[in-house]
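Derivation of every value follows stated rules applied to the coordinates shown; laboratory data play no part. Worth saying up front: this structure is predicted, and the values here are computed from it rather than measured.
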Amino acid sequence: MPSMDDPEGVALSPALGEVIDAHVHLFPPRVFSALHRWFDRHAWNIRYRMRSEEVIEFLARRGVSRFVALHYAHQPGMARELNRYIHEVARAHRDVVVPLGTVLPGEPDAEDVVREALHELDLRGLKLHCHVQRIAPDDPRLDPVWAACEDAGKPVVVHAGREPRSDAYGIDTHALCAAERIERVLQRHPRLVLVVPHLGADEVPAYAALVERYEHLWLDTTMAVAGYFPGWDWTDVIRRIGDRLLYGTDFPNLPYAWDREARCLEALGLPEATSRRIFSENARRVFSL
């Protein structure tokens, strides 16, 4: 997909108040480099080719008070290293970085990886990516992960939407992911706090309906409100379930300006209370900040 050469702001609008970005990616340098190569070949040209320290400095200077740091593992043995890495980054930037861990479901020591992440490293939750990890959200291999987070009272951010679709994943993401699969997870684990990014991607109405039925399900706005993916209808949903949405961006892996989504949301003229919830209060609640 093409990148955009849209203008970027020097800072977030003061009218937004506190801003917490609930969807930022931090990886070790070699993983970031590999990610850039993958995006170049299969997705879009990443506009902000930064390392973790640069990401932290960039966002802090532009008015993002805190952000949730996400990563994911696609090979056995990778998650533990990533979790320890993000733990160290967050320890050096306690007031800015909210660290989440990850696990590759089904790898031999998955339960130990989760236990270490949630309890020894005290990470704030987990991040899973159904496309990258080639696993459906209701796959039985994930049940121990869901149960561990449910028992620990820590959320899971799970890319469970069907889009963006790519042959490069090696699986059919539309066959792997669906809103009804997330509903089965919520039925099995009623205390589990789940955040589904991208407003559920192309199933926005279905996920909005789930949010209204399940009190522990949240959505984030990442890449769904910037007008980059054609045909995604989100305006009415933002107004309807804004109390259950988190502002997120996917920074730095963006094909457009870093503040595009914030400006699109601000342009809606939402009630002040709803805007505060989207930009900060909901993230504080979900991640216990």
**Prompt:** Taking the inverse of the average 1/r across all pairs of different Cα atoms in the stretch 13-96, what Kirkwood radius in Å do you get?
**Reply:** 14.1 Å
**Asked** Across every pair of different alpha-carbon atoms, what Kirkwood hydrodynamic radius in Å does the chain reach?
**Response** 18.8 Å
**Fill in**
So the pair-distance distribution of the stretch 185-271, from every Cα-Cα distance in 10 Å bins, comes to percents of 17, 50, 27, 6
**Asked** Around H25, which amide H atoms from residues at least 5 apart in sequence, or from another chain, sit under 5 Å from its own amide H, with H modelled in the peptide plane?
**Response** L70, F251, N253
**Request:** For the chain, with a Gaussian network of springs between Cα atoms less than 10 Å apart, report the residue from R239, R213, R263 with the top mean-square fluctuation.
**Result:** R213
**Fill in**
Between G101 and residues 5 or more places away or on another chain, the pairs with built amide H atoms under 5 Å apart involve R124, G125, L126, K127
